[in-house]
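Colleague: The structure under discussion is supplied below as structure tokens; questions concerning it will follow.
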Amino acid sequence: MEKDIASIERDCSAALDGVAEIASLNELRVQFLGRQGRLTGIMRSLGKLPKEDRKAVGQAANQVRDRLNQAFDSAEEQLKSASLAAEIQQRIDLTLPGAQGVERGCVHPLRRVEAEILSIFTRLGYAVASGPQIEDDWHNFEALNMPPDHPARDMQDTFYTRDGRLLRTHTSPVQVRTMLENKPPLRIVAPGAVYRCDADVSHSPMFHQVEGLVVDRGITMADLKGTLAHFAREMFGADTQIRLRSSFFPFTEPSAEVDVSCIFCAGSGCRVCGDTGWIEILGCGMVDPAVFESVGIDADEMQGFAFGMGIERIAMLRHRIPDIRLLFDSRIEFLEQFAQRDREI
Ligand code: PHE
């Protein structure tokens, strides 16, 4: 029987050498190792051998089966890679030129405008700061002079988390964090996402702001106005005028809203500015002494100003975008226009 096993191995190896197709390889495998195969036949009849021979013959048969299985596997692999290589040769013309006109991406208009805003201020010596988007009530409201029953909280429809925290409704809590962690003089801008329960053509439940904060000795409203006038000219063009309208924020006193002369009609009156010639771009004011008190800064010694602007609003004005949602729904036809502008620059 051992001779039979050896001859099976020889026959099978010889037959394998001549195989050129997967189909005949499979046939051969069935013929030798299948249920009715030659080697299987031998293994079945092991029981008929005298006990003392069974072990040795069984082992020999197992070894041959393992070797043959390996030989089949490697022959199959070879055949497969050979046929793939043949197919590639037939189908792929490696001499063809590469893909033409690969699409180039571009920086999202919001990110571009954010970078422009930050660069105007970093060139004036401001540092860039940031804070968490999930805030606590103290940093978002209370330290900014908005106690729990303050009516100004209504202006900012807030998303609360189950554990009593909230999604920050503005970037002003970064003022608080900055003043707690650093000693004046301070000069920072803080960009980031903010959240309010509000949605229409000009409001999105998530939008972006840039906060500004300056704290030093002898800072006055004139510094604030001069800084913002410089910002408006850099952002919207050298002829841009600004005006401050008196307003209210709990964390600044006095407070103002800032308008720029209409970018579309240069002040003569049009639909965008509602015939006023002015467009509002941000809120600002002198840091309220109550805020200084909550972060441990002596209001008799230090003065400061702060401002906050919506990046979407600036981007919409800057690029004449009529609907805020265009900035968020990733329509390639819309975004491509900015790729075009990237290339022109
Ligand atoms: N945090 C205010 C808002 O979101 C904007 C602001 C910032 C006003 C700083 C004054 C000073 O409406």
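Colleague: Scan region 226-239 and give yes if some residue there is within 23 Å of residue 303 (Cα to Cα), among the basic types (Lys, Arg) and in contact with a strand residue (DSSP E or B) (Cβ under 9 Å, 6 or more places away or on another chain), otherwise no.
Modeller: Taking every residue of region 226-239 in turn, none turns out to be within 23 Å of residue 303 (Cα to Cα), among the basic types (Lys, Arg) and in contact with a strand residue (DSSP E or B) (Cβ under 9 Å, 6 or more places away or on another chain).
Colleague: Would you tally the residues in region 203-224 being among the acidic types (Asp, Glu), more than 13 Å from the ligand (Cβ to nearest atom) and closer than 20 Å to residue 311 by Cβ? Walk me through it before giving the result.
Modeller: The first filter runs over region 203-224 and keeps only residues among the acidic types (Asp, Glu), leaving 211, 216, 223.
Now narrow it down to the ones that are more than 13 Å from the ligand (Cβ to nearest atom): 216, 223.
Next cut, closer than 20 Å to residue 311 by Cβ only: none.
Total meeting the criteria: 0.
Colleague: Among 229, 222, 290, which is modelled with pLDDT of 95 or more, under 19 Å from residue 145 (Cα atoms) and surrounded by fewer than 18 Cβ atoms within 10 Å (Cβ to Cβ)?
Modeller: On the way: 229 fails: under 19 Å from residue 145 (Cα atoms); 222 fails: under 19 Å from residue 145 (Cα atoms).
Going through 229, 222, 290 in turn, just one is modelled with pLDDT of 95 or more, under 19 Å from residue 145 (Cα atoms) and surrounded by fewer than 18 Cβ atoms within 10 Å (Cβ to Cβ): 290.
Colleague: Does residue 49 meet the test of being surrounded by 10 or more Cβ atoms within 10 Å (Cβ to Cβ) and either within 48 Å of the chain's Cα centre (by Cα) or in contact (Cβ under 8 Å) with a residue 24 or more places away in the chain (or both)?
Modeller: Values: surrounded by 10 or more Cβ atoms within 10 Å (Cβ to Cβ): yes; either within 48 Å of the chain's Cα centre (by Cα) or in contact (Cβ under 8 Å) with a residue 24 or more places away in the chain (or both): yes.
In short, yes.
Colleague: Moving on to the next point. Being modelled with pLDDT under 95 and either open to solvent by less than 40 Å² (accessible area, probe 1.4 Å) or touching a Phe, Trp or Tyr at 6+ places or on another chain (Cβ under 8 Å) (or both) is true for just one of 269, 274. Which residue is that?
Modeller: 269
Colleague: Looking only at region 130-155, count every residue that is in contact with a Pro (Cβ under 9 Å, 6 or more places away or on another chain), among the aliphatic types (A, V, I, L, M) and at pLDDT 90 or above and tell me the total.
Modeller: Looking only at that region, the number is 3.
Colleague: Tally up the residues in region 189-219 that are surrounded by 17 or more Cβ atoms within 10 Å (Cβ to Cβ) and either within 31 Å of the chain's Cα centre (by Cα) or not in a strand (DSSP E or B) (or both), please.
Modeller: Selection size over region 189-219: 17.
Colleague: Kindly check whether there is at least one residue in region 257-267 that is within 14 Å of the ligand (Cβ to nearest atom), touching a residue at least 40 places away in the same chain (Cβ under 8 Å) and in contact with a Leu (Cβ under 9 Å, 6 or more places away or on another chain). Please lay out each step first, then the result.
Modeller: First, the residues of region 257-267 that are within 14 Å of the ligand (Cβ to nearest atom): 257-258.
Checking the rest, the ones that are also touching a residue at least 40 places away in the same chain (Cβ under 8 Å) come to 258.
Now restrict to residues that are in contact with a Leu (Cβ under 9 Å, 6 or more places away or on another chain): 258.
Yes, that holds for at least one residue.
Colleague: Checking the condition of a type in the set (A, V, I, L, M, F, W, C) and in contact with a strand residue (DSSP E or B) (Cβ under 6 Å, 6 or more places away or on another chain), which residue from 307, 292 passes? Please lay out each step first, then the result.
Modeller: Working: 292 fails: in contact with a strand residue (DSSP E or B) (Cβ under 6 Å, 6 or more places away or on another chain).
Matching residue, one of 307, 292: 307.
Colleague: Can you find even one residue in region 147-160 that is buried (at least 21 other Cβ atoms within 10 Å of the Cβ), assigned by TED's automatic domain parsing to the domain that holds residue 266 and touching a residue at least 40 places away in the same chain (Cβ under 8 Å)? Write out each step before concluding.
Modeller: The first filter runs over region 147-160 and keeps only residues buried (at least 21 other Cβ atoms within 10 Å of the Cβ), leaving none.
No, every residue in region 147-160 fails to be buried (at least 21 other Cβ atoms within 10 Å of the Cβ), assigned by TED's automatic domain parsing to the domain that holds residue 266 and touching a residue at least 40 places away in the same chain (Cβ under 8 Å).
Colleague: Look at residue 180 and say whether it is in the same structural domain as residue 137 (by TED's automatic domain parsing), surrounded by fewer than 20 Cβ atoms within 10 Å (Cβ to Cβ) and touching a residue at least 12 places away in the same chain (Cβ under 8 Å). Outline the logic, then answer.
Modeller: Numbers: in the same structural domain as residue 137 (by TED's automatic domain parsing): yes; surrounded by fewer than 20 Cβ atoms within 10 Å (Cβ to Cβ): yes; touching a residue at least 12 places away in the same chain (Cβ under 8 Å): yes.
So residue 180 fits the description; yes.
Colleague: Related question: Mind listing just one residue for me: the one in region 92-146 that is among the polar types (S, T, N, Q) and open to solvent by 30 Å² or more (accessible area, probe 1.4 Å) and, of those, nearest to the ligand (Cβ to nearest atom)? Outline the logic, then answer.
Modeller: Taking region 92-146 first, the residues among the polar types (S, T, N, Q) are 95, 100, 119, 122, 130, 133, 140, 145.
Pick out the ones that are also open to solvent by 30 Å² or more (accessible area, probe 1.4 Å) and you get 95, 100, 119, 122, 130, 133, 145.
Details: 95: 61, 100: 48, 119: 20, 122: 19, 130: 16, 133: 14, 145: 11 Å.
The residue in question is 145.
Colleague: Now for a different question. Which residue, of 30, 57, 19, is at pLDDT 85 or above and of a type in the set (Val, Ile, Thr)?
Modeller: Details: 57 fails: at pLDDT 85 or above; 19 fails: at pLDDT 85 or above.
When all the criteria are applied, what remains is 30.
Colleague: Okay, next question. Among the residues of region 286-311 satisfying the criterion of being of a type in the set (Gly, Ala, Ser) and touching a residue at least 60 places away in the same chain (Cβ under 8 Å), which is farthest from the ligand (Cβ to nearest atom)?
Modeller: Taking region 286-311 as the starting set, the residues that turn out to be of a type in the set (Gly, Ala, Ser) are 290, 294, 296, 299, 304, 306, 308, 310.
Checking the rest, the ones that are also touching a residue at least 60 places away in the same chain (Cβ under 8 Å) come to 290, 294, 296, 304, 306, 308, 310.
Numbers: 290: 14, 294: 15, 296: 20, 304: 10, 306: 4, 308: 3, 310: 8 Å.
Out of the qualifying residues, it is 296.
Colleague: Give region 312-337 a look and list any residue that's within 16 Å of the ligand (Cβ to nearest atom) and open to solvent by 20 Å² or more (accessible area, probe 1.4 Å), or say none. Give the steps one after another, and end with the answer.
Modeller: The initial filter retains those residues of region 312-337 that are within 16 Å of the ligand (Cβ to nearest atom), namely 312-314, 324.
Matches in region 312-337: 313 only.
Colleague: (1) under 30 Å from residue 39 (Cβ atoms); (2) touching a strand residue (DSSP E or B) at 6+ places or on another chain (Cβ under 9 Å); (3) not β-branched (Val, Ile, Thr): which one isn't true of residue 70, the others all being true?
Modeller: For residue 70, the failing item is (2).
The values are calculated or read from the model by the stated rules, or taken from the named source; none is laboratory data. Just so we're clear, the structure is a prediction, and the values are computed from it rather than from any experiment. Glycine gets a Cβ as well: all are built from the backbone with ideal geometry, and neighbour counts include every protein chain shown. Note: areas computed on protein heavy atoms with side chains; ligands, DNA, RNA excluded. Shrake-Rupley method; radii C 1.70, N 1.55, O 1.52, S 1.80 Å.
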